[in-house]
Amino acid sequence: MQLTLHSDYALRVLIYVGTHPGELVSTQSMSDAYGISKHHLVRVVQTLAQHGYVRVVPGRSGGVGLARAPEDIRFCTDAAATE
């Protein structure tokens with residue numbers, strides 16, 4: 001299976017945020033950890049927030065955290081969903 005760049009980054013964001021339970025992490029820390037442009041990560045985080053996977057807390061002490069329990073997050077493609 002080949003992922004789009006946006007999907008790849010989305011999975012990386014979910015993994016990174018999931019490894020920091022109960023914490024809010026910054027997009028800068030994710031950018032530094034994965035070597036991905038912060039601008040791209042902000043757009044990916046916005047998409048994940050719109051779909052209810054992450055919550056975003058704005059401000060200096062804000063960040064990104066999981067909006068769902070990790071076990072409630074599933075990944076599948078349209079092909080996998082129909083099989």
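Below are the figures for this structure:
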| quantity | calculated |
| --- | --- |
| Pairs where the first residue, in region 19-37, is within 12 Å of VAL54 (Cβ to Cβ) and the second is assigned to a loop (DSSP other than H, G, I, E, B), C-beta under 8 Å, 6+ apart | LEU24/SER61; LEU24/GLY62; MET30/ILE36 |
| Helices (runs of 4 or more DSSP H) contained entirely in the chain, each with at least 1 residues that are modelled with pLDDT of 95 or more and over 12 Å from the mean Cα position of the chain (by Cα) | 27-34 |
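One line per residue, one yes/no per condition, for (1) closer than 12 Å to VAL64 by Cα; (2) open to solvent by 30 Å² or more (accessible area, probe 1.4 Å):
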| site | (1), (2) |
| --- | --- |
| TYR9 | no, yes |
| ARG12 | no, yes |
| TYR16 | yes, yes |
| GLU23 | yes, yes |
| THR27 | yes, no |
| SER31 | no, no |
| SER37 | no, yes |
| GLN46 | yes, yes |
| GLN50 | no, yes |
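The values are calculated or read from the model by the stated rules, or taken from the named source; none is laboratory data. Computed from a prediction, not measured in an experiment: that's the story for all the values here. Here the Cβ is made from the backbone with ideal geometry for all residues, glycine too, and neighbour counts use every protein chain on show. The area values use the complete protein model at the heavy-atom level, side chains included, leaving out ligands, DNA and RNA. Shrake-Rupley method; radii C 1.70, N 1.55, O 1.52, S 1.80 Å.
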